[in-house]
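S.K.: One structure, pasted below without further comment.
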Amino acid sequence: MKMPSGVVLLHTDGPPAAHEQAVHQVLGEKLAGVLGCAFLGLYDPARHTRGGYYFLPDETLVGSQQALGIHGQGDLFGGVVPQPFVATKAISHPLIDAPSHVPPGWATRLAQQAGHAILNGYSVFALDDARLAAERLLRDGAVRLKPVRGKAGRGQQVVHCRAELEAALAQQDEQEVRTWGLVLEEDLRRPDTYSVGQIRVAGHTLSYYGTQHLTHDNHDHKVYGGSELILVRGDYGDLMGLDMPRDARLAVQQARIYELAACDAYPSLFASRRNYDVARGLDADGRPRSGVLEQSWRVGGASAAELFALEAFIANPGLQRLTAATHERYGEVPAPAGATCLYRGEEPELGLLSKYVTLGAP
């Protein structure tokens, strides 16, 4: 494998929040160490003219990236998709019958092939379609309305009736919905969320499963609080060789089905970082339900655990299994034991936030 000229960060729509920039800086340095090249900071087309760079974008990239020298998964930590909605959870569900708007490039067969690997729900690209979708879903229980570009669960709302639906839809931006989509999905009670994923960097492949946990932010909202992962050297087949709980095994199986369906429906997509959130909970009638909520083909909340673990696997060729975790803490909360601090600071809208990563013993 040819060594890249250097690792560069790529901001797709202006600089991200300070806490994300700080973490991406650390991850960029880790990637440079793994790839055996220099970390060059933020990509500058006027300065970085030689080509052959390895990119760390802050979002999934949309459309051809050949002008940047990104031709395949070996050129970036993240992914490239053909249309904006493919980068979001909007691809996880079917459209309603006779939708008023269908985005260019929409593939109906993903939801068909994913089958029972996804929850009941619809993706819509018009607010009138959202009303029709919600009316159908509300017959069976509460509906979760999910803006598809929201992170850490922010912006999601649960509606129980038409009045609550109208209030929620009034907060949506019509053009945002038309371009990126909006998801309406059955709301699970007492859900647990599994993370299933894989990274491929510098000829190394790691696969993992784990759990996410929630925490309270400085405004007492429940938000993403970190991920605890069990990683193995190798592909999903190697991961399935582990002794794991029954629900976790189902989550891995559903994530694999979903990934195969997505790659078949959108064959031009490629990604070196693949992460799937799989929820397990109870439906409105108290029956167990499990399904993939969304994919992430970009640097994400668990990426520090992924790359710190990758460094450990490379340093120890005999290592086959490792645990790693990320932690997000709000306010004056002690750091986890043995943690490496990735960021600690005041955020304008979030208040005091700290991010850490921990590795288990080999």
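S.K.: Report the calculated FRET efficiency for ASP140 and VAL333 (r = Cβ-Cβ distance, R0 = 35 Å), to the nearest 0.05.
M.R.: Result of the calculation: an efficiency of 0.35.
S.K.: Have a look at ALA309, ALA325, ALA284 and tell me which one the Gaussian network model of the chain (Cα, springs below 10 Å) gives the largest fluctuation.
M.R.: Residue with maximal mean-square fluctuation among ALA309, ALA325, ALA284: ALA284.
S.K.: Which is the longest stretch in the chain that no exposed loop site breaks, taking sites as GluC sites (Glu not before Pro) with a DSSP loop state and at most 11 other Cβ atoms within 10 Å?
M.R.: Result, exposed sites excluded: 1-331.
S.K.: Would you work out which of TYR266, LEU184, GLY286 lies farthest towards the positive end of the dipole of the chain? Charges go on Cβ: Lys and Arg +1, Asp and Glu -1.
M.R.: After comparing all options, I get TYR266.
S.K.: Where nothing but the Cβ of Lys and Arg (+1) and of Asp and Glu (-1) is charged, how large is the charge dipole of the chain around its Cα centre, in debye to the nearest 20?
M.R.: Roughly 840 debye for the chain.
S.K.: For the charge dipole of the chain, defined by +1 on Lys and Arg C-beta atoms and -1 on Asp and Glu C-beta atoms about the Cα centroid, which residue among PHE55, ILE91, TYR224 has the Cα displaced farthest towards the positive pole?
M.R.: Of PHE55, ILE91, TYR224, it is PHE55.
S.K.: Under the rule of -39500 (n - 2.57) per DSSP H run of 4 or more residues, summed and divided by the residues of the chain, what mean residue ellipticity at 222 nm is obtained, to the nearest 500 deg cm²/dmol?
M.R.: It comes out at -7500 deg cm²/dmol, rounded to the nearest 500.
S.K.: Still on this structure, I have one more. If I take R0 = 30 Å and measure r between the Cβ atoms of GLU346 and THR12 in this structure, what FRET efficiency does the formula 1/(1 + (r/R0)^6) give, to the nearest 0.05?
M.R.: 0.75
S.K.: Okay, moving on. If amide H atoms are built 1.01 Å from N in the plane of the peptide, which residues on other chains or at least 5 residues away come under 5 Å of the amide H of ALA38?
M.R.: Amide H to amide H, under 5 Å and 5 or more residues apart or across chains, ALA38 pairs with VAL7.
S.K.: Separate question: Please give every one of the lysines within straight-line cross-link reach of LYS222, meaning a C-alpha to C-alpha distance under 26 Å, and leave out same-chain neighbours fewer than 8 residues apart.
M.R.: LYS89, LYS146, LYS151, LYS355
S.K.: From zero up to wherever the largest Cα-Cα distance of the chain sits, split into 20 Å bins and tell me the percent of pairs in each.
M.R.: Result returned by the calculation: 29, 60, 11.
S.K.: For a quick check, take a GNM of the chain with Cα springs below 10 Å and name the residue from ALA133, ALA17, ALA304 with the largest mean-square fluctuation.
M.R.: Among ALA133, ALA17, ALA304, the largest GNM mean-square fluctuation belongs to ALA17.
S.K.: What residue among ALA324, ALA251, ALA142 has the largest mean-square fluctuation in a Gaussian network model of the chain, using Cα springs under 10 Å?
M.R.: Highest fluctuation of the listed residues: ALA142.
S.K.: A further question follows. Order by neighbour count: SER92, SER354, SER64, fewest other Cβ atoms within 10 Å first, most last.
M.R.: SER64, SER354, SER92
S.K.: Expected output is a single nm value to one decimal: the length gained when fully extending between ARG162 and ARG249, i.e. 0.36 nm times separation in residues minus the C-alpha distance. What is it?
M.R.: Going from the current span to full extension adds 27.6 nm.
S.K.: What's the magnitude of the charge dipole for segment 190-359 around its Cα centre, counting Lys and Arg as +1 and Asp and Glu as -1 at the beta-carbon? Answer in Debye, nearest 20.
M.R.: So the magnitude is around 440 debye.
S.K.: May I ask for the angle, rounded to the nearest 10°, between helix 127-138 and the longest principal axis of the chain, with both axes built from Cα atoms and the value confined to 0 to 90°?
M.R.: For helix 127-138, the angle is close to 80 degrees.
S.K.: Moving on to the next point. Modelled label-to-label distance, LEU242 and ALA46, 7 Å Cα→beta-carbon offset: nm?
M.R.: For the pair LEU242/ALA46, the computed spacing is 4.7 nm.
S.K.: Between ARG149 and ASN120, take the C-beta separation as r, use R0 = 22 Å, and let me know the FRET efficiency to the nearest 0.05.
M.R.: With a Förster radius of 22 Å, E is 0.50.
S.K.: Tabulate in residue order the Karplus-calculated ³J(HN,Hα) for segment 99-106, using 6.51 cos²θ - 1.76 cosθ + 1.60 with θ = phi - 60°, rounded to whole Hz; enter x for Gly and Pro.
M.R.: x, 7, 8, 10, x, x, x, 5
S.K.: Quick one: what are the phi-derived ³J(HN,Hα) couplings along segment 31-45, Karplus 6.51/-1.76/1.60 with θ = phi - 60°, whole Hz, x for glycine and proline?
M.R.: 4, 4, x, 5, 7, x, 9, 8, 8, 9, x, 6, 4, 10, x
S.K.: How tilted is helix 246-265 with respect to the longest principal axis of the chain? Cα atoms for both, answer in degrees (0 to 90, nearest 10).
M.R.: Helix 246-265 and the main axis of the chain meet at about 90 degrees.
Laboratory data are not the source of any read-out in this text; all were calculated from the coordinates shown. Since the structure is predicted, the reported quantities are computational estimates derived from the model, not experimental observations. Cβ sites come from the backbone with ideal geometry, for glycine too, and all protein chains shown count toward neighbours.
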